[in-house]
1. Name the pairs whose Cβ atoms lie under 9 Å apart, with the first residue in the stretch 240-252 and among the hydroxyl-bearing types (Ser, Thr, Tyr), the second within 11 Å of the ligand (Cβ to nearest atom) and modelled with pLDDT under 95, and 6 or more positions between them or separate chains?
2. Give the number of residues within the stretch 108-136 that are closer than 27 Å to Lys212 by Cα and part of a strand (DSSP E or B).
3. Anything in the stretch 42-67 that is open to solvent by 80 Å² or more (accessible area, probe 1.4 Å) and either within 18 Å of the chain's Cα centre (by Cα) or acidic (Asp, Glu) (or both)? List them, or say none.
4. If only one of Arg90, Arg82 is open to solvent by 40 Å² or more (accessible area, probe 1.4 Å), part of a loop (DSSP other than H, G, I, E, B) and farther than 30 Å from Leu198 by Cα, which one is it?
5. Among the residues of the stretch 245-264, which ones are of a type in the set (Phe, Trp, Tyr) and on the phi > 0 side of the Ramachandran plot?
6. Against the condition at pLDDT below 95 and either away from the ligand (no atom under 16 Å from the Cβ) or on the phi < 0 side of the Ramachandran plot (or both), how does Lys146 come out, does it pass?
7. Do we have any residue at all in the stretch 58-73 that's touching a helix residue (DSSP H, G or I) at 6+ places or on another chain (Cβ under 9 Å), under 30 Å from Pro214 (Cβ atoms), of a type in the set (Gly, Ala, Ser) and not in a loop (DSSP other than H, G, I, E, B)?
8. Considering only the stretch 226-233, I want to know if a residue exists there that is within 16 Å of the ligand (Cβ to nearest atom), without any contact (Cβ under 8 Å) to a residue 12 or more places away in the chain and in contact with a helix residue (DSSP H, G or I) (Cβ under 7 Å, 6 or more places away or on another chain).
Amino acid sequence: MKQTLKVNCEKEYLIEISDNSFEKLNQEINEATKGQKRLFVISKKVYKLYYTRLNFSEDEVFVLNDGEKEKNYKNYLKIIERAQQIGLSRKDVMIAIGGGVVGDITGFAASTYMRGIDFIQVPTTLLSAVDSSVGGKTAIDLADAKNIIGTFYQPKVVFININFLATLDKKQFLSGLGEVLKYAFIEESCGHTHPLYLFEFLTLGCEKIMQKEPLTMIRMIEYCLSLKIAVVNQDEKEGGLRKVLNFGHTLGHALETITKYNKFTHGEAVVYGMYFIIKWAYNHEYVGYTYYRLSMELLEKYGFKPLKKKFPKEKLIELMMKDKKASEGKITFIIPCDKKKVKEIKLTPVEAGYMFDE
Ligand code: GLY
């Protein structure tokens, strides 16, 4: 089965979601890169598991160690140097095969190498399939600021092959589900032409989703990306609407940073951020009890729980103030305001501090 979606922002491109064979995937990559010199940047884990099934020669490959810590300027420079070594020209292409880290750093390298060359995304994790591979955000991190260096740079095409999900461990799968659940909470704020009923789909389909049933996976990814595309088509550069995609992310990013990117997966941190902000919005009567209960039930259905561990609130606030979304001395939070709807609020550091006292 294959579903094709189209992104219509400044640059048009296709996203293919399928359970095609690896042979077919190789063919598609070959066709999309015909006549081009290629540099494949691939996650070490994926390389070890799939190199016999993927079609590239050893000198076309840059293997990147796994983990958010690898999304740094040293590895960025290594990719650029490698591109230069193998003689990539302006007409050539970089291909990211891996999760969000590989996609983000490769996209950033492609967008800056010779002022921008072609770039293809082949996401292999659920998180990168439903979020980071689409929409053109590329980035590297600094030690205390995630995604602080980056560009908006759309790929030429995105090939999502759900066969990669078979070897995704439970922790990484749940991380992706964290972002999937996010879309359920923001659906009606995405400006999609018609309802997709993602909240209901995730409630009823939990068992099949947890079993990674192929058709359900394809449909779930299609729903999430349809919502993301609706947002990106209207606001590619995050002037306004795109901020809704950051539901759960303000605290989420701070938690990832305060733990030096090695305690929580991104999706897990986003789930903690969603628990936190839903509870706060309920306490402050932005949403009622029914919303609160249904939201908690959905998160719990997937085995998630609120964060128990406490972190120093002063440090969290300091990190949230460093977030790209902070402006005019205020921290931006995306809060729920109705079932499937969210809105933006800005709080001073002092006001945000009170959130942690509740
Ligand atoms: N991951 C959020 C965005 O693409 O805007």
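1. Filtered contacts from the stretch 240-252: Thr250/Lys325.
2. Number of matching residues: 4.
3. Listed by number, the residues that qualify are Glu58, Asp59.
4. Numbers: Arg82 fails: part of a loop (DSSP other than H, G, I, E, B).
The conditions single out Arg90.
5. Tyr261
6. Values: at pLDDT below 95: yes; either away from the ligand (no atom under 16 Å from the Cβ) or on the phi < 0 side of the Ramachandran plot (or both): yes.
Judged against the criteria, Lys146 is a match.
7. Checked the stretch 58-73: no residue is touching a helix residue (DSSP H, G or I) at 6+ places or on another chain (Cβ under 9 Å), under 30 Å from Pro214 (Cβ atoms), of a type in the set (Gly, Ala, Ser) and not in a loop (DSSP other than H, G, I, E, B).
8. No, the stretch 226-233 has no match at all.
The values are calculated or read from the model by the stated rules, or taken from the named source; none is laboratory data. All figures in this text were calculated on a predicted structure; none of them were measured in a lab. Every residue, glycine among them, receives a Cβ derived from its backbone with ideal geometry; neighbour counts consider all protein chains shown. The accessibility values were calculated without ligands, DNA or RNA, using every heavy atom of the protein model including side chains. Shrake-Rupley method; radii C 1.70, N 1.55, O 1.52, S 1.80 Å.
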